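Trainee: Could you have a look at this structure, given as structure tokens, before my questions?
The values are calculated or read from the model by the stated rules, or taken from the named source; none is laboratory data. What you see is a predicted model; the values in this text were computed from it and never measured. Cβ: placed from backbone, ideal geometry, glycine included. Neighbour counts: every protein chain shown. When the accessible area is computed, the model is the full protein with side chains, heavy atoms only, and any ligands, DNA or RNA have been set aside. Shrake-Rupley method; radii C 1.70, N 1.55, O 1.52, S 1.80 Å.
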Amino acid sequence: MSTITSSSTTTGRERLGLRLALAGGALLLVSGLLSWSFEPIFGDISIRLWPVSLQVFAMLIGLTAVALALSPTVLRRALGWVHAGPGLWALGIGATAYTALSLAAIAVEAGGLINANEGAWIALVGALLLLGGGWMVRDRPRAPEAFSAQGPATVEIVTIVAICALALAAAAYALGRDDAWVFVLFLLTLGVIGTALARAEVFEWLGGAAGRHQHVLTLGAFAAAFLFPFTQDGSEINMSIATLVLIFAATAIGLNIVVGLAGLLDLGYIAFLGAGAYVGAIFSGSVSSSIGWTPPFLVTALMGGLFAALLGLIVGSPTLRVSGDYLAIVTLAFGEIFRLAMFNLDGNNGPDLTNGPNGITAIPNLSILGFDFGESHTIAGVELSRAANYYLFMLFITALIVLIFARLNNSRIGRGWVAIREDERAAEAMGVNVFGLKLLAFAGGAFLAGVAGTVKAHYDTSVTPDQYQFLESAFLLAAVVLGGMGTIAGVILGAVVLKLMPEKLRFFSEYRLLLFGLLLVIMMRFRPEGLVANKRRQLELHDDDQDRAAQTDRSPQTKEALQ
Amino acid sequence: MSTAAVPHADAPSSPGRGVVLEARNIVMRFGGLTAVDDVSFQVHEGEIVGLIGPNGAGKTTFFNCLTGMYKPTSGEVTLGGRALPPRPRAVVTAGMARTFQNIRLFGNMTALENVMVGRYCRTSSMALTSILRGPKFRREERESIDRGRELLRFVGLDDKADHLARNLPYGEQRRLEIARALATEPQVVLLDEPTAGMNPRETEEAMRLIFRIRELGMAVVVIEHDMRFIFTLCDRVLCLVRGALLVEGSPAQVQSDPRVIEAYIGGSEDDDISADELTEEDVEVLHAEGVDVEPSRTSARSENGR
Amino acid sequence: MDQFLQQLVNGLTIGSLYALIAVGYTVVYGIVQLINFAHGEIFMIGAFGALSTYLILFQGQTSLWVLPFLVLGAMAASVGVAVLTERVAYRPLRGAGRLAPLITAIGISVFLQEFVRLFYDKVPGLDFPSAKQKIPFPQIEVVTGPAIELGPVTIQRAAVFTIGCLIMCGAALWWFINRTRTGRGMQAVSQDPDTAKLMGINVDRVIVVAFAVGAALAAIAGVAQGLLNTNINFKMGFIAGLKAFTAAVLGGIGNVWGAILGGLVLGVLETLAVQFLPGGSPWKDVWAFALLILVLVFRPQGLLGAKVVDRA
Ligand SMILES: Nc1ncnc2c1ncn2[C@@H]1O[C@H](COP(=O)(O)OP(=O)(O)OP(=O)(O)O)[C@@H](O)[C@H]1O
Ligand SMILES: [Mg+2]
């Protein structure tokens, strides 16, 4: 408590810490220009004055360190509001981890640490200096300017647009990495810089700026996502990963309505995606479908959505009587029943509808208004592959889903949902139509997943029951939880991380479920509110300690004595 | 602001005004325990009615019966002459809202959002309207926000609109709950221990607030253990003991009723103290002692309190 | 009629298995109101614990005296893992709402399955088979071998073992709950944790004991399942766990005798459904899940549970 003093009185120790951090950052910057290895690995990091991969990442970290270290002094006018102390401390830890892992990577790839050249060692020294400096300033109080940081509107808008562009570049770059080490080290770099900036409370400012220019942010993000295929120059693999990510994200946002807003834990949500996919497949004209009729896709999509919504109503109807954990189990059971039913409706054990475990295969490509999704099209000189077609279509659907989510969230309906999540009985006592809203959440979420499912069926070209098992529901839930319940940005981030990692890292894909399980446990333990915390932060997951502490004058005793 | 001094309310119940809320023969049993035992009462327009009784007397349970949170074992509630079905939503829509003894705000919503939830039953935009943002939606949303801010100002929380409810100090949470209840545009407001845990200054403020609610034309029923608060505030006081209505009358009558005092001492056989000698302070002191005397379930079952 | 008797025996066998697992759900739920989603995996780990014991110590043996050691090995593995998960994952979340522990439990469940699948054959110094396929379970004299013909009814020896285990465990459980201090402490905590704490009962310890007791019974079920099915795999816990949870709810969650009754009833209903409902065995899980939903919706307090009123 006593540390809350004005930052203008920088102590000698802090001054030293800042200088050390500055030196560390500078060394990291310089190291990027030096040779890191005697072997030409990782895009050739052995050449001097030509930074690539690992060298560039080190320079990025170094740049961040320099900016943070100078923020209280030289850059005070521009960056004085940054909370440099904790930021540098986090950056120091991260930089050390990064350089250590880089050395390990060089050792593994080039055959021993002996092959690490001066640049890598200088980077390590820089990281250690940064670590030491960060440790000294970690308790440095926040500058008073911070509390009124609100830049001019143009600066804010430019920043937001720049960030969207950076995100696009980062995504394109990450997807382009074939080397697992480089990919991992790149993600680590992003994570380190991100954490440091979060610690430095940069995101608070960004959050404020984003809140003030929400439309700019949304448009910027979608523009970046829209431009993404044009950066890929016909790479089918990357585009197909991106399309999978989008389908996953769209479904997760639908689930987010149910779980994040209305607080209903749905463990069978994948069944709705499956329902849509089966509708899409059955009416696709595939030879293994038992129904020959093929309506226009928009009709099929609507049917898929409505069928899923109907299932959603059925799954949701027990919410009148069941809630909490029991509801989660009911939804899980529904999900399993769906999968088993699709498995058994093969003509032997039941009516022939789904072709049983073999599923419906050879689903033709989508064709909307004469636009064939199976063909490559050249737009503005860039070839857009099959996957890119689906990607852009899914992007459109995702945009719609985001719009629906955002508008519902910020409306009477959304407030009703959150009220139910917070305290169902109180919501009811305040006149909220609890049962109706719960059904709406289930049916609405299911509808969105159903529509996404119809596209997925065409994109995957086959639909089988085991694509829609419980684990997939758990995965969706994990995306929501990891990203941050009730948020859009968070859930998209969660979906990207969960889908991108295993696709990009072959060795990782074997361990993907193991790590996923671990991730759930760790997240619940240390950051239950997810990577991107909601404005209505931390939902019902959090301990009450903090609110108790926040209730300034009234002690918990009085509160308890009342119950 | 206008109510500078708190007037001492010894005005008797005003028979001239119409009955808004009426409960007839409410009984609520939990297994063998009769928590509310055949209670009837009436509330007139613009009246402030106090409900007192020792801990476990069934006051909160009675509120729950009135608001449909519990379906009473038997008995009937009418609001403005019309029978209320025992469903919370129907009760709110009909015009009766409540607060809770153990505050039940929506902790992760802002103060303004909390109040706006109270507007839920007075607005009607459904999903599609909300997505398309038609003119109706925008008008309703605008109104809800304006009304919400107005109510926050009314309870003195206008500067806290964007704070999360769970971060508000205790006294403000209580006031926010009242604002949320008022947002439902009720004719009758039920307040369950609105000053519990408040300091004297806040209690004073709460009292003013309740007078101002009355000035808005609503009737108020308030449960309290703070006798001075009840006797200053209320036009009429009811005392509940072991689920049954023991005494009903003006504050002065109830205050001096020996049975009330006896009830608060917890059914002690000690006859040395005569009720007439007890001052208001004493009642409070006695009450403070009585807090510890929980009427046991067996006695609540075997006796009917009279 | 013979058909019916045969199915009844089969149902009681599978039901005994469910009952043994269901006790674990019920004791934990009764005390901490947590659906220990990972309990099915504890059962699976019991089976692998027994198998490991066999592979390390008794390779090639088939005599009956091996069996108690297998059971002990199974229990050690299950109880160890269960207590560990409680300590590192659930305990820190106590009082953190209900969503967090449930998601944690799902995480643990996935983690344990994958852990066994990936690493069972990689234990250093031991030559275990890979768990990516089904692994044959050791066959033991007396409890496996030719089935017993009892008039028109055929009974697997392992089935007799399973039902016998349930009876013995039931008796032991009764003794434990009613006759030991710890057991009575458990009852107290499940009825009113706050008061129990005031009375000086160590709630943390009681919770650990609840996890351990449930795990021990699940381990026995794991051995029984191995003997019945002649092989085990890393996925066996998921469906069995869900069914056992159904059984626990059916009997009235929190009530140990309810869990046993629920397990038996579910087992019998399931086998009868296979016999007498259209669709036959491919649909049996569907019926079980449908029953789960119906019970949760229409009688969440189960067969033996009392109705709970939500206080306003
Ligand atoms: N849902 C319920 N199930 C069983 N008993 C209940 C229930 N709700 C209340 N009771 C019992 O009914 C009796 C009356 O409780 P109630 O909360 O109405 O008392 P109260 O007058 O509000 O007391 P206090 O002044 O402490 O708030 C108590 O004995 C209580 O235990
Ligand atoms: Mg009360």
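Trainee: Name the helices (runs of 4 or more DSSP H) wholly inside region B:150-263 in which the number of residues that are surrounded by fewer than 18 Cβ atoms within 10 Å (Cβ to Cβ), within 14 Å of chain A (Cβ to nearest Cβ) and more than 16 Å from ligand 1 (Cβ to nearest atom) is 2 or more.
Mentor: Working: elements: B:170-182, B:200-215, B:227-233, B:251-255.
Those helices (runs of 4 or more DSSP H) span B:200-215.
Trainee: Among (1) modelled with pLDDT of 85 or more; (2) within 14 Å of chain B (Cβ to nearest Cβ), there is one condition A:VAL463 misses while meeting the rest; what is its number?
Mentor: A:VAL463 satisfies every listed condition except (2).
Trainee: Right, something else. Here is a list of conditions, (1) farther than 30 Å from C:LEU294 by Cβ; (2) away from chain B (no Cβ under 14 Å); (3) under 27 Å from the mean Cα position of the chain (by Cα), and A:THR361 meets all of them except one; can you say which number that is?
Mentor: Exception for A:THR361: condition (3).
Trainee: Residues of region A:482-504 being more than 10 Å from the chain's Cα centre (by Cα) and under 14 Å from A:TYR269 (Cβ atoms), which ones?
Mentor: Answer for region A:482-504, where residues must be more than 10 Å from the chain's Cα centre (by Cα) and under 14 Å from A:TYR269 (Cβ atoms): just A:MET485.
Trainee: Within region B:59-74, is even one residue in a strand (DSSP E or B) and either away from chain C (no Cβ under 14 Å) or within 12 Å of ligand 1 (Cβ to nearest atom) (or both)? Explain how you work it out, then say what you get.
Mentor: Initially, region B:59-74 is screened for residues in a strand (DSSP E or B), giving B:74.
Filter once more, keeping what is either away from chain C (no Cβ under 14 Å) or within 12 Å of ligand 1 (Cβ to nearest atom) (or both): B:74.
Yes, there is a match, as at least one residue in region B:59-74 is in a strand (DSSP E or B) and either away from chain C (no Cβ under 14 Å) or within 12 Å of ligand 1 (Cβ to nearest atom) (or both).
Trainee: Could you tell me whether region A:497-516 includes any residue that is of a type outside the set (A, V, I, L, M) and buried (at least 24 other Cβ atoms within 10 Å of the Cβ)?
Mentor: Looking through region A:497-516, none of the residues is of a type outside the set (A, V, I, L, M) and buried (at least 24 other Cβ atoms within 10 Å of the Cβ).
Trainee: Which of (1) open to solvent by less than 20 Å² (accessible area, probe 1.4 Å); (2) at positive phi is the odd one out, the single condition A:ASN256 does not satisfy?
Mentor: If we test A:ASN256 against (1) open to solvent by less than 20 Å² (accessible area, probe 1.4 Å); (2) at positive phi, just (2) comes out false.
Trainee: Quick one: C:ASP310 ticks every box in (1) more than 16 Å from ligand 2 (Cβ to nearest atom); (2) more than 21 Å from A:ASN348 (Cα to Cα); (3) at pLDDT below 85 bar one, so which box is it?
Mentor: That leaves (1) as the condition not met.
Trainee: OK, next. Taking the conditions exactly as written (in contact (Cβ under 8 Å) with a residue 40 or more places away in the chain, in contact with a helix residue (DSSP H, G or I) (Cβ under 8 Å, 6 or more places away or on another chain) and buried (at least 17 other Cβ atoms within 10 Å of the Cβ)), does C:PHE128 satisfy them or not?
Mentor: No: the conditions fail for C:PHE128.
A quick yes/no check of all residues on (1) assigned to a helix (DSSP H, G or I); (2) among the β-branched types (Val, Ile, Thr); (3) open to solvent by 60 Å² or more (accessible area, probe 1.4 Å); (4) not assigned by TED's automatic domain parsing to the domain that holds A:GLY486:
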site: A:THR189; (1), (2), (3), (4): yes, yes, no, yes
site: A:GLY194; (1), (2), (3), (4): yes, no, no, yes
site: A:VAL216; (1), (2), (3), (4): yes, yes, no, yes
site: A:ALA224; (1), (2), (3), (4): yes, no, no, yes
site: A:VAL245; (1), (2), (3), (4): yes, yes, no, no
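Trainee: Looking only at region A:28-56, which residues are of a type in the set (A, V, I, L, M, F, W, C), touching a residue at least 12 places away in the same chain (Cβ under 8 Å) and in contact with an Asp or Glu (Cβ under 8 Å, 6 or more places away or on another chain)? Full working, then the answer.
Mentor: Initially, region A:28-56 is screened for residues of a type in the set (A, V, I, L, M, F, W, C), giving A:28-30, A:33-34, A:36, A:38, A:41-42, A:45, A:47, A:49-50, A:52, A:54, A:56.
Filter again for touching a residue at least 12 places away in the same chain (Cβ under 8 Å), leaving A:28-30, A:33-34, A:36, A:38, A:41-42, A:45, A:47, A:49, A:54, A:56.
Within region A:28-56, A:LEU34, A:ILE41, A:PHE42 meet the criteria.
Trainee: Oh, and also: Which one is surrounded by the most Cβ atoms within 10 Å (Cβ to Cβ) among residues in region A:133-166 that are at pLDDT 85 or above and of a type in the set (Gly, Ala, Ser)?
Mentor: A:GLY134
Trainee: Something else now. Name the single residue, out of those in region C:201-247 being surrounded by fewer than 21 Cβ atoms within 10 Å (Cβ to Cβ) and assigned to a loop (DSSP other than H, G, I, E, B), that is nearest to the other protein chains (Cβ to nearest Cβ).
Mentor: C:LYS235
Trainee: Which members of region B:75-89 meet the condition of being assigned to a strand (DSSP E or B) and open to solvent by less than 50 Å² (accessible area, probe 1.4 Å)?
Mentor: Residues satisfying the conditions are B:GLY75, B:VAL77, B:THR78, B:LEU79.
Trainee: Here is a follow-up. Quick one: is A:GLY280 away from chain C (no Cβ under 14 Å), touching a His at 6+ places or on another chain (Cβ under 9 Å) and of a type outside the set (Asp, Glu)? Give the derivation first.
Mentor: Values: away from chain C (no Cβ under 14 Å): yes; touching a His at 6+ places or on another chain (Cβ under 9 Å): yes; of a type outside the set (Asp, Glu): yes.
Considered against the rule, which asks whether it is away from chain C (no Cβ under 14 Å), touching a His at 6+ places or on another chain (Cβ under 9 Å) and of a type outside the set (Asp, Glu), A:GLY280 comes out as yes.
Trainee: Just need a number here: residues in region B:75-109 that are more than 16 Å from B:LEU21 (Cα to Cα) and more than 9 Å from every other protein chain (Cβ to nearest Cβ).
Mentor: 1
Trainee: For region B:59-74, which residues satisfy the criterion of being open to solvent by less than 20 Å² (accessible area, probe 1.4 Å) and within 15 Å of ligand 2 (Cβ to nearest atom)?
Mentor: B:LYS59, B:PHE62, B:PHE63, B:ASN64, B:CYS65, B:LEU66, B:THR67, B:MET69
Trainee: Still on this model: Checking the structure you have, find out if any residue of region A:440-452 is within 14 Å of another protein chain (Cβ to nearest Cβ) and assigned to a loop (DSSP other than H, G, I, E, B).
Mentor: Within region A:440-452 (the criterion being within 14 Å of another protein chain (Cβ to nearest Cβ) and assigned to a loop (DSSP other than H, G, I, E, B)), the answer is no, since none of the residues qualifies.
Trainee: Please return the ranges of helices (runs of 4 or more DSSP H) entirely within region A:1-104 where 3 or more residues are of a type outside the set (A, V, I, L, M).
Mentor: Per the criteria, A:12-31, A:53-70.
Trainee: Out of curiosity, is A:GLY436 at the interface with chain B (Cβ under 7 Å from one of its Cβ atoms) and either among the small types (Gly, Ala, Ser) or outside any helix (DSSP H, G or I) (or both)?
Mentor: No, not satisfied.
Trainee: Out of everything in region B:36-58 that is surrounded by fewer than 22 Cβ atoms within 10 Å (Cβ to Cβ) and near ligand 1 (Cβ under 10 Å from one of its atoms), what residue ends up being nearest to the other protein chains (Cβ to nearest Cβ)?
Mentor: B:ASN55
Trainee: Something else: Output the number of residues of region B:82-102 satisfying the condition of being of a type outside the set (Val, Ile, Thr) and without any contact (Cβ under 8 Å) to a residue 40 or more places away in the chain.
Mentor: Residues in region B:82-102 being of a type outside the set (Val, Ile, Thr) and without any contact (Cβ under 8 Å) to a residue 40 or more places away in the chain: 11 in total.
Trainee: Out of the residues in region A:108-123 that are open to solvent by less than 40 Å² (accessible area, probe 1.4 Å) and assigned to a helix (DSSP H, G or I), state the one that is farthest from A:ARG15 (Cα to Cα).
Mentor: Checking each candidate, the answer is A:ALA110.
Trainee: Within the group B:ARG119, B:ARG98, B:ARG104, which residue is touching a Gly at 6+ places or on another chain (Cβ under 8 Å), of a type in the set (Lys, Arg) and at pLDDT 90 or above?
Mentor: Sole residue among the options that is touching a Gly at 6+ places or on another chain (Cβ under 8 Å), of a type in the set (Lys, Arg) and at pLDDT 90 or above: B:ARG119.
Trainee: I need a count of the residues in region B:133-146 that are open to solvent by 10 Å² or more (accessible area, probe 1.4 Å) and either in a loop (DSSP other than H, G, I, E, B) or within 8 Å of chain A (Cβ to nearest Cβ) (or both).
Mentor: Residues that pass the stated criteria total 4.
Trainee: Among the residues of region B:41-58, what is the count of those that are within 16 Å of ligand 2 (Cβ to nearest atom), assigned to a strand (DSSP E or B) and of a type outside the set (A, V, I, L, M)?
Mentor: 1
Trainee: If you don't mind, another one. B:PRO295 - would you say it is open to solvent by 20 Å² or more (accessible area, probe 1.4 Å), over 27 Å from B:ALA206 (Cα atoms) and modelled with pLDDT of 50 or more?
Mentor: No, not satisfied.
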